[in-house]
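Q: What follows is a structure written as structure tokens; I'll ask about it next.
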Amino acid sequence: MLVFIIPLKSRNISKSWEHVSKLFERCVKSVCNQTSSEFRVIVVCNEKPQITFTHPHIIYLEVDYPTPKEQNPIAIGLTDKGRKVLTGSTYARRFDPTHVMNVDADDCVSKQLAEFVRKNPQDNGWFINRGYKYRDGEDCLYLKRKQFYRMSGTANILRWDLLDLPEKPEYNRGYGYYKFYIDHEKVKSILANKGTPLKPLPFSGSVYILGTGENISANEDRLSFNIFNRKALSKSICDEFGLYKLA
């Protein structure tokens, strides 16, 4: 079984809670569109988002953690994200998963992921080398042909035991304590150095959504968009990733 973990930012630090909820609803619809039923979705949030979509495989964990100790707003957001990922990962134990995947609450994923994991339960996991970049509201998206995992948090599928979860997780620590759950671009090298390397996912695995006004990263405006990698927002891509324009 594959467990998806989605950390959701709180209403208090959102520019628009309504927009955050719309982004999340598209994301969770995408995640739940798997071709296999062997998955669960754990959403860790301060409050439930304002959406109408429901699915029997979604679990909401509502938390009330104190504000992270960092001074930088981006570090605050990342630390909060890290402890929510740790919360979801710890809770996932009860489902006896073979693998887990962190999903940013505004991204979309391929509907093939759960089935692929079901067929490869013994593998260490995979990093997404190929994926798409999509600026919200446009009629096209852009293929990132390599190193997708370096720019998107929705990029790694890990075998459950490789998470190396602490016996007694703490949720009021600084950035460093949650580093493994935040630094998605370093997971590949960390596990390779431990002798448990990940493989590249053999298909495009997710869509990194940009220009939402709610992204934590400060780097999204500096990402390049090569015209030769531009793809039309076709029906097949929309069906594969559950991607649609927000009203």
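Q: Quick one: which of 25, 62 is modelled with pLDDT of 95 or more, open to solvent by 40 Å² or more (accessible area, probe 1.4 Å) and among the charged types (D, E, K, R)?
A: Answer to the check: 62.
Q: Give me a count of the residues in region 159-201 that are at pLDDT 95 or above and at positive phi.
A: Summing the residues that are at pLDDT 95 or above and at positive phi in region 159-201 gives 1.
Q: Sticking with this one: What are the residue pairs meeting all of these: first residue in region 120-147, first residue on the phi > 0 side of the Ramachandran plot, second residue at pLDDT below 95, Cβ atoms under 7 Å, and 6 or more apart or on different chains?
A: 137/245
Q: Can you pull out every residue in region 103-135 that is within 29 Å of residue 14 (Cβ to Cβ) and open to solvent by 40 Å² or more (accessible area, probe 1.4 Å)?
A: 111, 135
Q: Right, here's the next one. For region 150-200, which positions are under 15 Å from the mean Cα position of the chain (by Cα), surrounded by 20 or more Cβ atoms within 10 Å (Cβ to Cβ) and either in a loop (DSSP other than H, G, I, E, B) or acidic (Asp, Glu) (or both)?
A: Correct list: 152, 153, 154, 155.
The values are calculated or read from the model by the stated rules, or taken from the named source; none is laboratory data. Given the structure is predicted, the values throughout are model-derived calculations rather than measurements. Every residue, glycine among them, receives a Cβ derived from its backbone with ideal geometry; neighbour counts consider all protein chains shown. For the accessible areas, the whole protein counts, side chains as well, though only heavy atoms, and no ligand, DNA or RNA atoms are used. Shrake-Rupley method; radii C 1.70, N 1.55, O 1.52, S 1.80 Å.
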